[in-house]
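Written below as structure tokens is the structure these notes are about.
The values are calculated or read from the model by the stated rules, or taken from the named source; none is laboratory data. In this text the structure is predicted, and so the values were computed from the model without any measurement. Note that we place each Cβ from the backbone using ideal geometry, even for glycine, and neighbour counts take in every protein chain shown. For accessibility, only protein heavy atoms count, side chains too; no ligands or nucleic acids. Shrake-Rupley method; radii C 1.70, N 1.55, O 1.52, S 1.80 Å.
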Amino acid sequence: MKTLKLFLFLSVSLFAQQQLLAQKADTMFITGKNSYKILPHMAYIEDTSRVMPIGKAVALFNSGKFKKPDAITTFNAGITFSAFWFKVIIKNTDKRARLLFLGIHEHVDTLWLYKQTGNKVLPEVFTGFNYPYTSRPIPNRNFLFKIAIPADSTFTYYLRARNNANYMYMPFGFKNADNYMADETGRYQLLAVYTGIFLFVIVFSLFLYFSLKDKLHLWYAFYVFATLVYLMMEDGITYEFVLKNFPGFRWALNEEYWWYGCMLLWLYVMQLFTNQKRDNSKFYLLTKLVMILLGCRIFIEILMAIFGIKLNSTLSAIVFNEGDIVFCAGCILLLAGVIEKVIQGSKQAVVYLIAISFGVIGTLNIYFNYIGLTNINLVEPNGMVVGLTIEIIILSFALTARYSLFRKEKEQLLIELNSQQQQLTEKIVSTQEQERRRLAEDLHDDVGATLGALQLHISNLPDEQMANNIYLKNYFAKALSLVLKVTSDVRSISHDLLPQDFVDSGLFETIQTRINDLNTGGNTQFEFVKEGDEKKISPIYAITLYRIINELLNNIVKHAEASEATVQLSVLDDSLQIITYDNGIGMDHTTNKKGIGLQNIQSRVNFLKGDLITDSGKNGTTHIINIPI
């Protein structure tokens, strides 16, 4: 009998002790610390009807029909359409009143907080993403609730959470008010660093696009921008900025089409970066199909947001699951497409695979958290932010190297193209000069000789016939005059086609000979000033320079009405300079600019990649030509 009594006593004591421990475990004790893990002290009820009133929720909690979270900081129900009621008992054991902030992540559409005082349960705050920003008790990126507890007092709080989306992911924070805001300041500073990195990459990518006209850099900038918007949305920064300053753009704050938009751009950038095409990839068509499905999903989400279209739970589940399947397929095709290029031997694909590995791991970390498969953050602030930042940094370096390589290849190609063009032009000019030489020789040797014989024949007519016939004498005198003029014209044309002894005499001496001819019997006295070593000038350049100077001389003789003129040719270390000056009447730009002579000069200067400057006035005309060598 004594043994039975002892057994009963021990059983009752053990039960009472367990009840006391359970009570302590269910109560959040405020002891003066700066922060607390509140979730383990909470109880929750799943409301599948989504409309359970507070009275029924309190009754269920009091009857013990609740569950305990299995996490420390984040309540994660995964994919669900249910609403949830939470209960927490908070006891202040400190000797002074405490003000704490209960912080809940931005991704909750409806949050109702109730406080129990005695037997009454009264509403404290109604807020959530579907409410105006002004409904928030404290302006912040997250939802912050003030929990003010006097010394040595106990209060019970109830929280209702409901989402219109298909998942319930709620990180909880419970900290001393001052410490919470200090931590928020540090968080904002950290996110500012990440934002600065992303913005720099966006600006740099746009610079590369406008420099290279390569659409990869433009779409990469779009991808980085969309990623930045989503990451800031994930942390609540985008919501805070838009809802506070531009509430009319609430429809744009839908994580799903930014999420799917990032994946769509991710796939397209991969195709551009790795040069994935239909004829070199087995995954090209599948990737395009996934991109089309993502685009359709984004379009539908935007229309639903703009026009306020709501789907029932069945259709929402179908759309949500379809989006999940397409997103996972996109991740698989992203990796498969890059790995395929690595196998094909693409070095760029190796770099891209290393880069996106960080982004994919970080993205899947967040994604698995949302759907309830995991409930961890690999790194702070979260795996997606860090992973995508590392990816973007690596890819930015890769694109910079690609830009440098592309620029060098472009410069080399331009050099080769210019060289080929120069060779072709020189070959054409050489052919023209050979033809000019042949024509000049034919005119000199054949036509000139024939004209000389004709002149001799006409000059040797019998004098007695000429003396007896005045008409015949005048006729042959006129014929002889025409022969002499034709002979002079042929000699002049031959000289223009190829100056006599140009190859043997050189450029300087040929120009001097031409000027000496003009000074003999002409109205304009020319002076020729030469400087430098003419051996630096190639034969093609030399004959072209001669033709330029000869055209300038002809213009002075025909149009300038000058008494004096100077021609200066300077051979410098890396350039040639031609300066002509006359003291004539100047030139009319409106008429002379279209003259054949000036056009010929300009075209020859362009061939030599030089520039022509003309200064003309009433006191004369100056031409300055600079040509690189």
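Before moving on, here are some points about what is shown:
- Largest-first ordering by accessible area, 1.4 Å probe, given options Y230, Y541, Y188: Y188, Y541, Y230
- Rounded D (µm²/s) - the range 534-585, Kirkwood Rh over Cα pairs, Stokes-Einstein at 37 °C, 0.692 mPa s: 273
- Relative counts (whole %) of C-alpha pair distances in the range 274-376, using bins that are 5 Å wide: 2, 11, 17, 18, 18, 14, 10, 6, 3, 1
- 5 angstrom amide H check on T80, placed H, neighbours 5+ away: Y167, M168
- Translational diffusion of the range 146-221 was estimated from the Stokes-Einstein equation, with Rh taken as the Kirkwood radius over Cα pairs; at 10 °C and 1.306 mPa s the coefficient is 91 µm²/s.
- Three semi-axes of the equivalent ellipsoid, the range 46-149, Cα gyration tensor, whole Å, largest first: 21, 20, 15
- At 1.002 mPa s and 20 °C, Stokes diffusion of the chain via Kirkwood alpha-carbon radius, µm² per second: 64
- Per residue, the chain exposes 54 Å² of accessible surface when a 1.4 Å probe is rolled over the protein heavy atoms with every protein chain present.
- Pairs from the list K213/K609; K115/K146; K33/K68; K213/K277 with a Cα-Cα gap above 22 Å: K213/K609; K33/K68.
- The alpha-carbon positions of the range 97-160 define a convex hull whose volume is 78 Å³ per residue.
- Counting only alpha carbon atoms, the long axis of helix 507-519 and the longest principal axis of the chain meet at about 50°.
- What the Cα convex hull of the range 90-133 gives, in volume per residue, is 102 Å³.
- Surface share of carbon and sulfur [accessible, 1.4 angstrom probe, percent] for the chain: 61
- Enclosed volume per residue, in Å³, of the convex hull spanned by Cα atoms of the range 507-629: 90
- Sequence-ordered 3J(HN,Hα) estimates for the range 42-49 from the Karplus curve with 6.51, -1.76 and 1.60 and θ = phi - 60° stand at 8, 10, 9, 10, 8, 9, 6, 7 Hz, glycine and proline given as x.
- Over the range 86-193 - Rg/Rh using Cα atoms and the Kirkwood inverse-distance radius: 0.98
- Among the listed pairs K56/K244; K37/K310; K37/K120; K175/K310; K120/K310, those with a Cα-Cα distance over 31 Å are K56/K244; K37/K310; K175/K310; K120/K310.
- Label-to-label distance, nm, for residues given as F207 and R407 (7 Å Cα→Cβ offset): 1.0
- Per-selection Kirkwood Rh - the range 182-335 (Cα, Å, 1 d.p.): 17.3
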